[in-house]
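The values are calculated or read from the model by the stated rules, or taken from the named source; none is laboratory data. Predicted model, so just to flag it, every value in this text is computed and none were measured. As a convention, Cβ positions derive from the backbone with ideal geometry for all residues, glycine included, and neighbour counts pool all protein chains shown.
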Amino acid sequence: MSSPMPPSPAETNLIGESAPFRAMLAHVSDLAPIDRPVLVIGERGTGKELVASRLALLSGRWNQPLLQLNCAALSESLLDSELFGHEAGAFTGAVRRRASRFELADRGTLFLDEIANASLAVQEKLLRVIEYGVFERVGGNEPVRVDVRVIAATHEDLPALAGSGKFRADLLDRLAFDVIRIPPLRERSEDILLLAEHFAQRMTAELGRDFFAGFAEPARDALLAHRWPGNVRELRNVVERSVYRQAEWQAPLEAVRIDPFGAAPEVEAAPGERETLAASLAEHRHNQRRTASALGLTYDQLRHRLRKHGLLTNRAG
């Protein structure tokens with residue numbers, strides 16, 4: 001079996017310029033060289049695997065294997081076998097010894113995604129190998145020693161799960177030497193158009209087109225108005241879908257297809273929106289930041305809506 005390859009810079013490509021995103025990257029850079037377990041938390045689609053890759057690349061284990069395993073994708077028995085391997089004859093169908101992910105990641109990094117889905121029995125074994133660097137293969141009784149840095153990730157509230165007995169508190173303590181929180185896309189709205197341009201350029205190249213003509217104002221408005229519950233993964237899908245379905249690709253993209261099941265190609269403005277915007281602006285003496293806060297919008301989202309309805313002035317307060 002070939003050895004896993006160390007992470008490449010392309011696999012750790014994290015894009016953003018917003019303050020929350022830059023603060024998260026700085027945290028990653030500070031923590032990466034510290035040879036301790038790390039817990040990465042973030043909503044689905046925020047890029048937890050990219051953060052794990054960056055942690056590995058910036059660590060002293062940068063030239064050693066980085067392996068990934070999704071704990072939600074396997075049954076308890078399969079997850080046990082994947083993590084810790086098994087001996088020949090350990091169960092029906094085990095005709096030969098199988099090396100564990102910990103053995104394959106020896107001297108490197110093991111990224112365990114969706115760690116909250118691991119059973120309590122698997123969690124107990126994880127605690128031992130993280131604490132002492134020792135485990136036994138399924139069906140075996142000889143200790144196997146490894147040197148592996150574990151990075152775990154989840155979108156669940158692990159302290160709450162530990163409090164209810166659904167996650168081992170001692171494992172949580174060990175994993176959470178430090179915690180990286182990835183901000184959801186709605187908290188980094190300044191990055192939406194930057195990311196959208198990146199995904200559009202990449203899809204344009206994949207389609208063999210000469211250039212991407214950019215996003216027209218209606219498309220920009222729709223991108224900024226959406227709440228992005230699926231975060232960066234959803235944004236990527238929306239942009240790639242919209243670019244490939246654009247017939248007149250030499251012109252700026254007018255419509256973004258946010259809902260692949262819906263007939264409408266773009267988010268429509270709510271009825272009376274202009275009147276609501278104008279009234280709120282007047283109420284807050286044209287202070288755009290206070291107006292945005294009152295309407296539950298980001299500053300950028302408000303300015304795009306003001307521009308769309310002809311209400312934008314040079315007052316940026």
Residue list for segment 132-156, restricted to those being surrounded by fewer than 22 Cβ atoms within 10 Å (Cβ to Cβ) and closer than 17 Å to Asp178 by Cβ: Val150
Looking at Arg202, is it outside the structural domain of Leu39 (by TED's automatic domain parsing), basic (Lys, Arg) and within 30 Å of Arg61 (Cβ to Cβ)? yes
Which numbered condition in (1) under 17 Å from the mean Cα position of the chain (by Cα); (2) assigned by TED's automatic domain parsing to the domain that holds Ala251; (3) of a type in the set (Gly, Ala, Ser) is the only one that Ala152 fails? (2)
Could you tell me whether any residue of segment 195-204 is in contact (Cβ under 8 Å) with a residue 60 or more places away in the chain and either within 22 Å of Gly47 (Cβ to Cβ) or touching a Cys at 6+ places or on another chain (Cβ under 9 Å) (or both)? yes
Of the conditions (1) surrounded by fewer than 18 Cβ atoms within 10 Å (Cβ to Cβ); (2) touching a Ser or Thr at 6+ places or on another chain (Cβ under 8 Å); (3) modelled with pLDDT of 85 or more, Leu295 clears all except one; give me its number. (3)
Checked segment 206-254 for anything part of a loop (DSSP other than H, G, I, E, B), more than 20 Å from Arg186 (Cβ to Cβ) and either aliphatic (A, V, I, L, M) or under 27 Å from the mean Cα position of the chain (by Cα) (or both); matches are Leu207, Phe212, Ala213, Gly214, Ala216, Arg245, Ala247, Ala251
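Matching residues to (1) modelled with pLDDT of 90 or more; (2) surrounded by fewer than 19 Cβ atoms within 10 Å (Cβ to Cβ); (3) not small (Gly, Ala, Ser):
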| position | (1), (2), (3) |
| --- | --- |
| Asn231 | yes, no, yes |
| Leu235 | yes, no, yes |
| Ser242 | yes, no, no |
| Arg245 | yes, yes, yes |
| Ala251 | yes, yes, no |
| Phe261 | no, yes, yes |
| Ala270 | no, yes, no |
| Arg274 | no, yes, yes |
| Leu277 | no, no, yes |
Flag for Gly310 being on the phi > 0 side of the Ramachandran plot, at pLDDT below 90 and part of a loop (DSSP other than H, G, I, E, B): yes
Name the pairs: first residue in segment 128-142 and under 16 Å from Leu79 (Cα atoms), second residue basic (Lys, Arg) and assigned to a helix (DSSP H, G or I), Cβ to Cβ under 9 Å, at least 6 apart or on different chains? Phe135/Lys125; Phe135/Arg128; Glu136/Lys125
